[in-house]
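Undergrad: One structure, as structure tokens, below. Some questions next.
The values are calculated or read from the model by the stated rules, or taken from the named source; none is laboratory data. Everything quoted here is computed from the prediction, not taken from an experiment. Neighbour counts run over all protein chains shown; Cβ positions are idealised from the backbone, glycine included.
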Amino acid sequence: MDKNKSFLNTKGVAYWLLPLIAGVLAGALLHNYILPDPYPSTTISQEATPSFKLMAEAWNAIEQQYVDRTSVQPRTMTYGAISGMVDSLGDTGHSVFLTPEMVRVERTVERGEFAGIGAELRIKNHQAVVVAPMDGTPAQKAGLRPGDIIVQVDGRNVEGLPLPEIVGKITGPAGTRVSLTLKDPVTGKERTIEIIRANIPIRSVTWNWLPGTDLAHVRIALFSKGTSRALEKALDEIDQRGAKGVVLDLRNDPGGLLDMAVGVASQFLEQGNVLQEKNAKGEVRPVPLDAGAQKCALPLVVLINSGTASAAEIVAGALQDAKRATLVGETTFGTGTVLKTVPLSDGSALQLAFLEWLTPKGRTIWHKGITPDVAVSLPAEAQPLVPEEEQGMTAVELRMSEDLQLLRAINILQGRQPSQ
């Protein structure tokens, strides 16, 4: 891979893993091309001159006439204007403006560590929506759920605010508290939770034996540095201990590094491509699997849901196209662009979509997502089980759980229900 293609932002994935992680992943790591220098600010095209003049008129009017002088903050106004330009492209949840603080966050997440509450956000219909909480983080423990709409932060309304501003209100030093008022997207019911921010190491791969079975539950929480190698070690141990099948859990996985997606998919595929990239001219470039990767031939079911995004969707789509696995759960998030990072002079940056990625068979994922082979939803208040929670559980306790997606996967692997 070219050294300038360090990480893939599908959603990037403008989503933001807030420290919260705010943003970063999901998009944000997947295949992000980084330009070395900012575009010159002294060069303004003749076509753009009237627009710049109009913006200057608005700026001067606000600066000279707006009655609440404490609200006239040049940095906030500038970042709001830039965010508005990017938002006008209509590429919601993908192309995004990053403040200098967000740029620093992205770098820490790529290294596999960050400080915050451990959740991912995106803007949808002018509202901050939770894509997914990270496993074992303060956000997950406090009950943050995919789809939750953030209405207030510490009692202050944030609806309609730009994502960078919301992120700034939620982030803070480890050990401090933040209060979030959340609205359920289905019922409209609101609830308020308190979360203590923390330093959060990202453990991307965990696994456990499913009680009462000879099946392994393997969870990938994030495609960060070392994920492919961690999965290889887990699968090797699982195979040596005589597993008869694997449940690969990609639910609420916001994505991450492109090379990790290729490395993970390659462990289950014998040949072919992991994805395709399409540019603005319609030219398509295949991205082949790593033929030298350690291979796992065990029967496989993959769990997906609306929080499955970016690199996780790449893996799910590749395995589905190859008919290597049965996908169980709900349609995924729908991340599907490769972002180019354009640094700005004050340390902020733009992430702009310039490539679209497709499944190996050419299926579009952007805004559509990956549709499961077997559709299964969880009860309204139910949360997916993770391997750590299964330690010490009995077979009866597992069967009595509300994780209907995991239970369906078990039944498929044990031959009790059809896989299609």
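Undergrad: Which residues, taken from region 201-214, are aliphatic (A, V, I, L, M) and either surrounded by fewer than 23 Cβ atoms within 10 Å (Cβ to Cβ) or within 12 Å of residue 387 (Cα to Cα) (or both)?
TA: 205, 210, listed by residue number.
Undergrad: Say we look at region 306-361 and pick out the residues that are in contact with a Gly (Cβ under 9 Å, 6 or more places away or on another chain), surrounded by fewer than 24 Cβ atoms within 10 Å (Cβ to Cβ) and β-branched (Val, Ile, Thr); which of these is nearest to residue 295 (Cα to Cα)?
TA: Per the stated criteria, the residue is 359.
Undergrad: Residue under question is residue 348, and the condition is that it be among the polar types (S, T, N, Q), more than 17 Å from the chain's Cα centre (by Cα) and farther than 30 Å from residue 101 by Cα; does it hold?
TA: Here the answer is no, as residue 348 does not meet what is asked.
Undergrad: Also: If you take the residues in region 118-139 that are in contact with a Leu (Cβ under 8 Å, 6 or more places away or on another chain), modelled with pLDDT under 75 and under 24 Å from residue 205 (Cβ atoms), which one is surrounded by the most Cβ atoms within 10 Å (Cβ to Cβ)?
TA: The extreme case among them is 120.
Undergrad: Test residue 231 against the criterion of being assigned to a helix (DSSP H, G or I), over 26 Å from residue 364 (Cβ atoms) and either among the hydrophobic types (A, V, I, L, M, F, W, C) or touching a residue at least 60 places away in the same chain (Cβ under 8 Å) (or both), and give yes or no.
TA: It is true that residue 231 is assigned to a helix (DSSP H, G or I), over 26 Å from residue 364 (Cβ atoms) and either among the hydrophobic types (A, V, I, L, M, F, W, C) or touching a residue at least 60 places away in the same chain (Cβ under 8 Å) (or both).
Undergrad: Of the residues 161, 182, which is free of Cβ contacts under 8 Å to residues at least 60 places away in the same chain, among the hydrophobic types (A, V, I, L, M, F, W, C) and more than 22 Å from residue 377 (Cβ to Cβ)?
TA: Just a single option satisfies the conditions, and that option is 161.
Undergrad: Check 416, 408 and return the single one that is of a type in the set (Lys, Arg) and modelled with pLDDT under 90.
TA: 416
Undergrad: Select from region 182-224 the residues that are outside any strand (DSSP E or B) and farther than 21 Å from residue 121 by Cα and list them in ascending order.
TA: 210, 211, 212, 213, 214
Undergrad: Looking at region 140-167, which of its residues are in a helix (DSSP H, G or I) and either farther than 18 Å from residue 116 by Cβ or touching a strand residue (DSSP E or B) at 6+ places or on another chain (Cβ under 6 Å) (or both)?
TA: Matches in region 140-167: 140, 163, 166, 167.
Undergrad: Suppose we keep only residues that are modelled with pLDDT under 95 and of a type outside the set (Lys, Arg) within region 215-226. Which one would you say is surrounded by the most Cβ atoms within 10 Å (Cβ to Cβ)?
TA: Looking at the filtered set, the residue picked out is 223.
Undergrad: Can you tell me which residue among 244, 281 is surrounded by fewer than 22 Cβ atoms within 10 Å (Cβ to Cβ), farther than 21 Å from residue 203 by Cβ and either in contact (Cβ under 8 Å) with a residue 24 or more places away in the chain or under 22 Å from the mean Cα position of the chain (by Cα) (or both)?
TA: On inspection, the qualifying residue turns out to be 244.
Undergrad: Determine the pairs where a residue that is touching a residue at least 60 places away in the same chain (Cβ under 8 Å) and basic (Lys, Arg), located within region 251-274, has a partner that is buried (at least 24 other Cβ atoms within 10 Å of the Cβ) and part of a helix (DSSP H, G or I) with Cβ atoms under 7 Å apart, the partner being 6 or more residues away or on another chain.
TA: none
Undergrad: So, of the residues in region 202-230 that are of a type outside the set (S, T, N, Q) and in contact with a Phe, Trp or Tyr (Cβ under 9 Å, 6 or more places away or on another chain), which turns out to be farthest from residue 399 (Cα to Cα)?
TA: 202
Undergrad: State which residue pairs qualify: first residue touching a residue at least 12 places away in the same chain (Cβ under 8 Å) and inside region 57-73, second residue of a type in the set (Asp, Glu) and part of a helix (DSSP H, G or I) in any location, beta carbons under 6 Å apart, and separation of 6 or more residues or different chains.
TA: Note: no pairs meet the criteria.
Undergrad: Please specify each residue of region 46-65 satisfying the condition of being farther than 15 Å from residue 80 by Cβ and charged (D, E, K, R).
TA: 47, 53, 57, listed by residue number.
Undergrad: From the residues in region 368-419 that are of a type in the set (Ser, Thr, Tyr) and under 23 Å from residue 136 (Cα atoms), which one is surrounded by the most Cβ atoms within 10 Å (Cβ to Cβ)?
TA: Among those residues, the one meeting the criterion is 401.
Undergrad: Within the set of pairs 6 or more residues apart or between chains, which connect a residue that is at pLDDT below 95 inside region 293-307 to a residue that is surrounded by 18 or more Cβ atoms within 10 Å (Cβ to Cβ) and part of a strand (DSSP E or B) with Cβ atoms less than 6 Å apart?
TA: The qualifying pairs are 307/131; 307/132.
Undergrad: Could I ask something else about it? Does residue 372 satisfy being under 23 Å from residue 289 (Cα atoms), at pLDDT 90 or above, in a loop (DSSP other than H, G, I, E, B) and not β-branched (Val, Ile, Thr)?
TA: The answer is yes for residue 372.
Undergrad: Could I ask something else about it? Check 277, 232 and return the single one that is at pLDDT below 95, among the charged types (D, E, K, R) and over 23 Å from residue 415 (Cβ atoms).
TA: It is 277.
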